[in-house]
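Before any comments, here is the structure.
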Amino acid sequence: MAAADSLPHDRGFKLWSAVDGPSRLLLASIDRWTSAILADDGIDMPLMSNDNHVIAHIIARESGMISGTAAVDHMLHIWAGNLSISWASNDGKQVSVGDEIAQIEGPREAVLMMERSILNILGFLSGITTEAKKWSTIAPKQIACTRKTTWGLLDKWAVSLGGGLTHRLSRNDAMMIKENDLATMHPDLDAHSSRIAKFLGEVDFLQCGAFLEIEVQEEKEAVVAAFTWSERKMKEELPKLVIMLDNFSAERCKAVVDELNEMGLREHVLIEASGGITLSGLEDWRRCGVDVLSTSAINRGVIPLDLSMLIADD
């Protein structure tokens, strides 16, 4: 379970734990992605080769954090049961240049057939975890990824291993009302602020999933959302509403936070900033008073960790 004082954006416990490893939810995602990766590489049935056995070593060519070992374990169990792998570095472990990550033993053909897929999975996910660690070191328990992913839940798992927040795991995991949602709500109302007030005044929180979040484009919309929710919280036992400030600068975010504090509304909401957040400017964002900083830069377009596999000489 998530810690009682954790942000609702911290959904990593649904995917993986240090004690139990990957959850059923994550294993199902691993199964889908690894099957597709192997199929694209021409492998559509389990490998049955039984030629000469070899030993191969996976080596780190640069420093970083490892993730994806559970995915590789699952893939080999299903698709190459005649290969055995022993890990020197498990998920979430820091490695340096030249460190051995794993040793693989089995039929030569099976090792060669699986080599590229193993390295692609480990390199891609480890690259995300390494990047997430950079961001989360500056903004611990504050930086989150978004649903802009390449490998879906695997991206979010890798972010979580690097200390980042997963945010919602799917559209149905939590309710987020965005600009397009508001544009199609209550056509009799002209302004988004009016639509926000009507929606928040009527929504059944029990149908919202892990949390309820609403995106705003203007300062006025943030105030309306916070005020409407505070009015409901006085009558009902409700958790905090998440207000996402979309494409606000760090300075505008601070101004909104200050205004909500002055109005006595800040205690009823969590504030998330999203859009335009960069690693180089992260310190300014961290200090602007928001609770969560969400960005796809933490996982999309990240350079994979450089790894190699070498078969030992006889």
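The values are calculated or read from the model by the stated rules, or taken from the named source; none is laboratory data. Only a predicted model underlies this, so the values are computations on that prediction, with no experimental measurement involved. Here the Cβ is made from the backbone with ideal geometry for all residues, glycine too, and neighbour counts use every protein chain on show.
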Just give me the residues in the range 291-306 being surrounded by 17 or more Cβ atoms within 10 Å (Cβ to Cβ), of a type in the set (Val, Ile, Thr) and over 19 Å from His9 (Cα atoms), in sequence order. Val302
Of the residues in the range 241-274, those that are in contact with an Asp or Glu (Cβ under 8 Å, 6 or more places away or on another chain) and closer than 21 Å to Ala210 by Cα number 10
I want to confirm something. Restricting to the range 135-146 and keeping residues that are touching a strand residue (DSSP E or B) at 6+ places or on another chain (Cβ under 8 Å) and either buried (at least 22 other Cβ atoms within 10 Å of the Cβ) or not β-branched (Val, Ile, Thr) (or both), which single residue is nearest to Thr34 (Cα to Cα)? Cys145
Scan the range 167-189 residue by residue and report those that are polar (S, T, N, Q) and within 17 Å of Cys208 (Cβ to Cβ). Ser170, Asn172
Could you tell me which of the residues Asp173, Asp155 is charged (D, E, K, R), under 29 Å from Ser84 (Cβ atoms) and outside the structural domain of Met48 (by TED's automatic domain parsing)? Asp155
Residue selected from the range 147-175 under the condition touching a residue at least 40 places away in the same chain (Cβ under 8 Å) and surrounded by fewer than 20 Cβ atoms within 10 Å (Cβ to Cβ), by the criterion nearest to Asn120 (Cα to Cα): Thr150
Condition (residue is part of a strand (DSSP E or B), without any contact (Cβ under 8 Å) to a residue 40 or more places away in the chain and in contact with a Leu (Cβ under 9 Å, 6 or more places away or on another chain)) applied to the range 71-89: is it met by at least one residue? yes
Check whether at least one residue in the range 207-216 is outside the structural domain of Met65 (by TED's automatic domain parsing) and out of contact with any strand residue (DSSP E or B) (no Cβ under 8 Å at 6 or more places or on another chain), and report yes or no. no
For the range 260-290, what are the residues that are in contact (Cβ under 8 Å) with a residue 40 or more places away in the chain, crowded, with 16+ Cβ neighbours inside 10 Å and either part of a helix (DSSP H, G or I) or not assigned by TED's automatic domain parsing to the domain that holds Phe211 (or both)? Arg266, His268, Leu282, Trp285, Arg286
Which of the residues belonging to the range 18-31 are surrounded by 14 or more Cβ atoms within 10 Å (Cβ to Cβ) and charged (D, E, K, R)? Asp31
Residue that is in contact with a Gly (Cβ under 6 Å, 6 or more places away or on another chain) and over 17 Å from Glu179 (Cβ atoms), where the choices are Val269, Val257, Val223, Val292: Val257
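How many residues are assigned to a helix (DSSP H, G or I) and under 24 Å from the mean Cα position of the chain (by Cα) if we restrict to the range 21-70?
Qualifying residue count for the region: 17.
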